[in-house]
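Participant: What follows is a structure written as structure tokens; I'll ask about it next.
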Amino acid sequence: MVLAYLQRLSGYSRAQLTRLVSRWTGGKPLVKNYRRPQHAFARRYTGADVVLLAEVDRAMGTLSGPATACVLRRQRDVFADGRFERLGSISVAHLYNLRASVGYAPSASC
């Protein structure tokens, strides 16, 4: 009867309430045991890539995303520039994410 009351009051499922009650009767704290991972996703583009993108935007006059992605692919494929190995395969959406990042400064002089 108590479990039904707690289920109705809390909105937890019967199985979850059973786990929580057994945990409480065992003397363990009723706190979450999980945390977010330290590094959930590995960074693909480095700070040097962001600086390189800013240099390209400064030289080309900050083109649209698809045009910039095409320029980066061309630098990698046609001109075989090793600096553009990662940026040559960037998506347009992620290109805009890099432009909004902290290290991006297209108007700063070199």
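Participant: Name the helices (runs of 4 or more DSSP H) wholly within region 7-110 that hold at least 3 residues that are surrounded by 15 or more Cβ atoms within 10 Å (Cβ to Cβ)?
Facilitator: Passing ranges, in order: 47-60, 65-77, 92-99.
Participant: May I pose another question? Among the candidates 40, 69, single out the residue that is modelled with pLDDT of 95 or more and not β-branched (Val, Ile, Thr).
Facilitator: 69
Participant: Is it the case that region 100-109 has a residue that's within 30 Å of residue 23 (Cα to Cα), free of Cβ contacts under 8 Å to residues at least 60 places away in the same chain and either in contact with a helix residue (DSSP H, G or I) (Cβ under 8 Å, 6 or more places away or on another chain) or not assigned by TED's automatic domain parsing to the domain that holds residue 23 (or both)?
Facilitator: no
Participant: Are any of the residues in region 49-56 of a type outside the set (Val, Ile, Thr) and farther than 30 Å from residue 91 by Cα?
Facilitator: No, there is no match, as no residue in region 49-56 is of a type outside the set (Val, Ile, Thr) and farther than 30 Å from residue 91 by Cα.
Participant: Determine if region 88-95 includes at least one residue that is in contact with a Lys or Arg (Cβ under 6 Å, 6 or more places away or on another chain) and closer than 30 Å to residue 105 by Cβ.
Facilitator: Yes, region 88-95 has at least one match.
The values are calculated or read from the model by the stated rules, or taken from the named source; none is laboratory data. Fair warning: this is a prediction, and the values are worked out from it, not measured in the lab. Virtual Cβ from ideal backbone geometry, glycine too; neighbours counted across all protein chains shown.
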